1. Starting from the 7 Å offset along Cα-to-Cβ, what nm value, one decimal, do you get for the label separation of residue 7 and residue 65?
2. Using the Cα centre as the reference, give the magnitude of the dipole from point charges on the C-beta atoms of the chain (Lys, Arg: +1; Asp, Glu: -1; all else neutral), rounded to the nearest 20 debye.
3. Where the accessible area of the chain is counted over protein heavy atoms with a 1.4 Å probe, how much of it, in %, is carbon and sulfur?
4. How many Å² of accessible area per residue for the range 12-91, probe 1.4 Å?
5. From the phi of every residue in the range 22-35, what ³J(HN,Hα) in whole Hz does the Karplus formula 6.51 cos²θ - 1.76 cosθ + 1.60 yield, where θ is phi - 60° and glycine or proline is x?
6. Taking a point 7 angstrom from the Cα of residue 17 along the C-beta vector, which residues in the range 75-91 have backbone N less than 12 Å away?
7. Could you tell me which chymotrypsin sites (Phe, Trp or Tyr not before Pro) in the range 35-88 are loop residues by DSSP with no more than 14 other beta carbons within 10 angstrom of their beta carbon?
8. Would you kindly derive the ³J(HN,Hα) couplings of the range 6-17 from the backbone phi angles with the Karplus curve 6.51 cos²θ - 1.76 cosθ + 1.60 (θ = phi - 60°), listing them in order in whole Hz, with x for Gly and Pro?
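The values are calculated or read from the model by the stated rules, or taken from the named source; none is laboratory data. These numbers come from a predicted model, not from an experiment. Don't worry about glycine lacking a Cβ; one is built from the backbone with ideal geometry, like all the others, and counts go over all protein chains shown. Protein only, heavy atoms only, side chains kept; ligands, DNA and RNA dropped before computing areas. Shrake-Rupley method; radii C 1.70, N 1.55, O 1.52, S 1.80 Å.
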Amino acid sequence: MKRLVAYLAPLVGSIAATLLIYGYSLQLSFMLDDFDDLARAASTSALTILTSSQGYVYYRPLALLLEKLPFAIQGYYDPFWYHLMPLSLHA
């Protein structure tokens with residue numbers, strides 16, 4: 001039991017700290033450059049995202065795949081879920 005607590009305590013602590021510091025971002029809407037990436041993620045296949053920057057200056061396959069995920073599940077983009085995924089990864 002002590003071993004389980006020793007493993008879970010840092011995880012719970014990091015989640016709590018992340019939500020305490022950045023939790024307000026879940027109430028925000030999309031930012032200015034999000035709309036370019038959202039359209040790119042929705043219109044591009046996962047394989048293309050993983051293998052090509054498609055002529056863009058930056059190559060962020062993980063971010064684009066994470067932007068593609070809620071659209072594939074919900075069929076639209078919701079800012080709450082859009083901000084929750086990177087927050088979860090950072091925690």
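1. Between residue 7 and residue 65, the simple spin-label model gives 2.4 nm.
2. Charge dipole, the chain, about its Cα centre: 500 debye, nearest 20.
3. Exposed carbon and sulfur together represent 70 percent of the surface.
4. With all protein chains present, the range 12-91 gives 66 Å² per residue.
5. Per residue, the Karplus-derived 3J(HN,Hα) values read 10, x, 4, 5, 5, 8, 7, 8, 6, 9, 4, 7, 4, 5 Hz.
6. Residues 91 fall inside that zone.
7. 56, 58, 59, 76
8. 5, 7, 7, 4, x, 5, 5, x, 5, 5, 5, 5
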